[in-house]
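Values quoted throughout were computed directly from the atomic coordinates according to the rules given, and no laboratory measurement underlies them. Quick caveat: nothing in here was measured; it's all calculated off a predicted structure. Cβ atoms come from the backbone with ideal geometry, glycine included; neighbour counts cover every protein chain shown.
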Amino acid sequence: MTVTTSSPAEDRPAGADPGRDDGATETRRSVRSGVAGLVGAATSGLFGFVLAVVITRGYGTTGSGAFFAAIGVVTVAAAVCTLGAETGLMWALPRRRAGTSGDAARVLPVALVPPLLFAVLIAIGGALLAGPLAGRLLGPAGEPLLVVTFVAVPVVVAMNLLLAVVRCVRPIRSYVAVQFLLLPVARPALVGAALLVGGGLVAGMTGWLVPAAVGLLVCLMMVARPLGVGHGARLRPERTDWTTFWRFALPRAASAAIDAGSMWVGVLLTSALATQADAGVFGAVGRYVLAGQLAMQGLRVAVSPQLSRLLGRGDRVAAAAVHRQLTTWGLVLSWPVYLLLAVFGPAFLALFGPEFTAGAAALTVLALAMLINTGVGNVQSLLLMGGRSGLHLAGALAGLVVTVGLGLVLIPAYGATGAALAWATGIATENLTAVTCARLVVGQPLVDAGMLRAAAATVGGVGLASVAGLVVGGRGIPGLLVAVAVLAAGCVGLLTLPRVRRGIRATMVQIRGGSPQGTPPPPSKGR
């Protein structure tokens, strides 16, 4: 594999400081990509919430438990079948040349064929075993639902892999259009349409799956020309392409399944060890938890190829700078959501229906755990894009062992709350392990004074707003509305401060491609 390399920043001679220019340029690039990812993530979060409302209101606690369990099956199965190739593509393609004369297209057969063959086998086996599996997870009437779910696994796997290619060879807006617009907007519309015509769980699940097939076709059209597929690009891989790619991807296979299935493992365990109603409550809680994480997801998908390029050429200083900046963004955007979820859980869950407020304690536990997850930033991306998928697997595996082990003990006795306690402990375990490994691998500080100030200001501001809401209206919807109003007023007040306005102007200049001082960006070698 051809890898572009350059001297590490710390090895550059004194007096010549291109590392500073490169770091500034890469930070500007991360800002522009990050904004696009955040806009898409916000849209995805909004329609993800709409989907959760449609499912919970339309099917109730028991029906939504079966629906969420089916989503968990297809999510975990697709993640397992991907074999880590999704992250492998994100790591490999930025280090290759695209176009008809490049070597990027040779990666496609290497990355696509083994996962798709595995997915077909899983689909056939899962459809044949749907009866016994449904009896344990979804009840006797769940067999048709599981058959539809397993049959769709190869389509979901192919779409996920091609989405990774889109992210590497097309502008970020192309990825956002499919992952954060097409899928989340189409799913609630189609599931809602199935409910309106009187369709049951099978019809609703079909509505959830159909956008993946559409997304697959869109991705195919997006990646053909940039890679030169059909225009003379060589598709036949060399032996070294296979060994290099899968040496990186295979350790990621297990951790990818763990990452994708972290919440859904809890849903499936709750469905098997407690009741369908408990699984429905936990699934509803999980929708809020995942929605709060979308800011970090948007930032991660925006800059992963950038991190791969920086770490591939040994520029750890610039990579760490990008990580610190985006972690600060993610913290400021995510922590208010999780702090409000922790305090006003009953109000949020009441939007799904009064029977879902039983999950308030579970929501509080998980919201507090997610402060750790978002506070350390995308350290997993630093490990993966630096080629250290084995270390990432170690952290993910530690988190899974803790989650499943505690779940087996706590779920039978405490239902959704027990599942939340187990998952929260697993989240903390995985992230603390990952941030320790990332600090050692990158060799640069992953936390700075700006991040600490942002964290303190966020906790203080949201804390004061929450206290006001609790005093006036308690933990219900009135208290939540008061807290949001106070928080919004505080944000408007901050905009009157000259220092804040200067920071916003500097960020807008970065988005437009200039430097924070308003001057054009300097040329960047290797850009």
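The table below gives the values:
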item: Summed residue charge, Cβ within 13 Å of residue 228's Cβ, Lys/Arg positive, Asp/Glu negative; result: +4
item: Extension reserve of the residue 129-residue 46 stretch, reckoned as 0.36 nm per residue once the Cα distance is removed; result: 26.3 nm
item: Cα gyration tensor, segment 151-226 - rounded (a/c under 1.5), prolate or oblate; result: prolate
item: Extent along principal axes [Cα atoms of segment 339-481; Å; largest to smallest]; result: 49, 41, 19
item: Estimated inter-spin distance, residue 136 and residue 448, nm [label 7 Å along Cα→Cβ]; result: 5.1 nm
